[in-house]
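Peer 1: For reference, the structure I am asking about is given below.
The values are calculated or read from the model by the stated rules, or taken from the named source; none is laboratory data. Just so we're clear, the structure is a prediction, and the values are computed from it rather than from any experiment. Here the Cβ positions follow ideal geometry from the backbone for every residue, glycine too, while neighbour counts run over all protein chains shown.
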Amino acid sequence: MNTRLQNKINTVCWQGDSNGHLEILDQTKLPTQISHVVCKDVSAVVESIQSLRVRGAPAIGIAGAYGMVLAVKEAVQLEESSERKLASIKQLAENLATSRPTAVNLRWAIQRIERLIMNAGTNPDFSELSKVVLEEAKRIQEEDQRLCEKIGEYGASILPDGDLLTHCNTGALATGGIGTALGVIITAWEQGRRFHVFADETRPLLQGARLTAWELTQQNIPVTVLADAAAAHLLKTGQIGCCIVGADRIAANGDTANKIGTYGLALLAKVHNVPFFVAAPSTTFDLAIQTGDEIPIEEREESEILQPFGFQSAPAVARGFNPAFDVTPSHLLTAIITERGIIKNVNAETVAAVISN
């Protein structure tokens, strides 16, 4: 999916001036329906993030940034002192930041805008502040678009021959641009490389089947969806040249949190000597966390396992175990592809050499 199509889809799009609103493509309706959710207050943005109407670490961060515009807008409407208004913004910012705990881009974007608000002083012109915050949110989105382009270029340069296997969704639906892992695939395709993409369905919410396959078909890239449990058999055939996935948070040593099932896929790739790449922007690295053991793992509602899409798939008395993410140790990674360069022999030293430069 190229940038033009991404803009047409409007995954996350602000409408109007600082008194406007946020529109979010409702990804829970894809691939059969394209519709947008209108968010006029922070609670609507929080709901959209928690319900996965918007998902993917960079896209969540962008949504959070625009949510801060709404936070300032809500504060302006309060007939309170500047101190109370700033306290309200701070609380709304925390509501946004904690709406999903694993993806680091969300808190990163909100903290970036909070610093801007703090620099405005204790008695700011809130109308002017709304304009400044909106400009910063747009800047975050534009920066992510450029990051995706660079990730695509770096990644395409190291993709081996053969077909590709990916997990979850990492394209325009998950970012502000063409995507991370999917951006690499699209860039390589646009450069004339030819291959077939295999997309794990990504249970329980089927982001690979519903979203990744949809994006690839929009780009006319051949795609086959497989059950997550079929990955081992596919890798054993020798058809797959590499696996490539995205990330929601990466620790200082390169341990990587991504959609549940990524760790198992990395283990399978290691056994079958298939290169395993992670593609992610520098904003997804959390250098304050030393290892993946410190990354909080979100656990979602049992109903997503026991009643997927409203279908009763297990006995009513059964319990569900539904972690949204897992952590892949850095030693299983062939490389991490970032907009600042490619991290090989992934460890704390090699991560710092690229990300801290």
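Peer 1: Consider only pairs whose beta carbons are under 9 Å apart and that are at least six residues apart or on different chains; among these, list those whose first residue lies in region 297-321 and is hydroxyl-bearing (S, T, Y) and whose second residue is modelled with pLDDT of 95 or more.
Peer 2: Partner pairs satisfying both residue conditions: S303/G320; S303/N322; S313/I305; S313/L306; S313/Q307.
Peer 1: Follow-up question, since we're still on this one. May I ask you to list pairs of residues, at least six apart or on different chains, whose Cβ atoms are under 8 Å apart, with the first in region 113-128 being on the phi < 0 side of the Ramachandran plot and the second being in a helix (DSSP H, G or I) and among the hydroxyl-bearing types (S, T, Y)?
Peer 2: Hits for this filter: T122/S82; N123/S82; P124/S82; F126/S82.
Peer 1: Scan region 29-38 for residues that are crowded, with 17+ Cβ neighbours inside 10 Å and closer than 18 Å to G310 by Cβ and jot them down. Lay out the reasoning, then the answer.
Peer 2: Let us first name the residues in region 29-38 that are crowded, with 17+ Cβ neighbours inside 10 Å, namely 30, 36-37.
Scanning region 29-38 gives a single hit, L30.
Peer 1: Just the residues that are surrounded by fewer than 23 Cβ atoms within 10 Å (Cβ to Cβ) and part of a helix (DSSP H, G or I), please, taken from region 50-66. Reasoning before the result, please.
Peer 2: We begin by selecting, within region 50-66, every residue surrounded by fewer than 23 Cβ atoms within 10 Å (Cβ to Cβ); these are 50-53.
The answer is Q50, and nothing else.
Peer 1: Determine whether region 67-89 contains at least one residue that is in a helix (DSSP H, G or I) and within 26 Å of L287 (Cα to Cα). Reasoning before the result, please.
Peer 2: Of the residues in region 67-89, the ones in a helix (DSSP H, G or I) are 67-76, 82-89.
Going one step further and asking which of them are within 26 Å of L287 (Cα to Cα), we end up with 67-68.
Yes, some residue in region 67-89 is in a helix (DSSP H, G or I) and within 26 Å of L287 (Cα to Cα).
Peer 1: Test of understanding: among R146, R100, which residue is basic (K, R), assigned to a helix (DSSP H, G or I) and in contact (Cβ under 8 Å) with a residue 60 or more places away in the chain? Write out each step before concluding.
Peer 2: On the way: R100 fails: assigned to a helix (DSSP H, G or I).
Criteria check complete, one pass: R146.
Peer 1: Quick one: how many residues across region 266-302 are aliphatic (A, V, I, L, M) and touching a helix residue (DSSP H, G or I) at 6+ places or on another chain (Cβ under 6 Å)? Steps first, please.
Peer 2: First pass over region 266-302, keeping only residues aliphatic (A, V, I, L, M): 266-269, 271, 274, 278-280, 287-289, 295, 297.
Narrowing the set further to residues that are touching a helix residue (DSSP H, G or I) at 6+ places or on another chain (Cβ under 6 Å) leaves 266, 268, 274, 279.
Going through region 266-302 one residue at a time, the tally reaches 4.
Peer 1: Can you tell me which of (1) assigned to a helix (DSSP H, G or I); (2) surrounded by fewer than 20 Cβ atoms within 10 Å (Cβ to Cβ); (3) free of Cβ contacts under 8 Å to residues at least 40 places away in the same chain is the one R193 doesn't meet?
Peer 2: (1)
Peer 1: I would also like to ask the following. Show the residue pairs that are 6+ apart or on different chains and have beta-carbon atoms under 8 Å apart, the first residue being within region 48-68 and among the polar types (S, T, N, Q), the second being part of a helix (DSSP H, G or I).
Peer 2: Short answer, once both residue conditions are applied: S48/A63.
Peer 1: Failed condition for V225, given (1) touching a residue at least 40 places away in the same chain (Cβ under 8 Å); (2) surrounded by fewer than 22 Cβ atoms within 10 Å (Cβ to Cβ); (3) of a type outside the set (D, E, K, R), with all others met?
Peer 2: Tallying (1) touching a residue at least 40 places away in the same chain (Cβ under 8 Å); (2) surrounded by fewer than 22 Cβ atoms within 10 Å (Cβ to Cβ); (3) of a type outside the set (D, E, K, R), V225 fails exactly one: (1).
Peer 1: Might you check whether a residue that is more than 17 Å from the chain's Cα centre (by Cα), among the small types (G, A, S), closer than 18 Å to R100 by Cα and part of a helix (DSSP H, G or I) occurs anywhere in region 286-296? Show your work before the answer.
Peer 2: Within region 286-296, the subset more than 17 Å from the chain's Cα centre (by Cα) is 287-294.
Next, from what is left, pick out any that are among the small types (G, A, S): 288, 292.
Retained after the next criterion (residues that are closer than 18 Å to R100 by Cα): 292.
Next, from what is left, pick out any that are part of a helix (DSSP H, G or I): 292.
There is at least one residue in region 286-296 that is more than 17 Å from the chain's Cα centre (by Cα), among the small types (G, A, S), closer than 18 Å to R100 by Cα and part of a helix (DSSP H, G or I).
Peer 1: A further question follows. Could you identify the single residue in V351, V327, V346, V317 that is at pLDDT 95 or above, part of a helix (DSSP H, G or I), assigned by TED's automatic domain parsing to the domain that holds I178 and of a type in the set (A, V, I, L, M)? Steps first, answer last, please.
Peer 2: Working: V327 fails: part of a helix (DSSP H, G or I); V346 fails: part of a helix (DSSP H, G or I); V317 fails: part of a helix (DSSP H, G or I).
Within the list V351, V327, V346, V317, the selection yields V351.
Peer 1: For residues that are touching a residue at least 24 places away in the same chain (Cβ under 8 Å) and charged (D, E, K, R), scanning just region 10-26, find the one that is surrounded by the most Cβ atoms within 10 Å (Cβ to Cβ).
Peer 2: Among those residues, the one meeting the criterion is D26.
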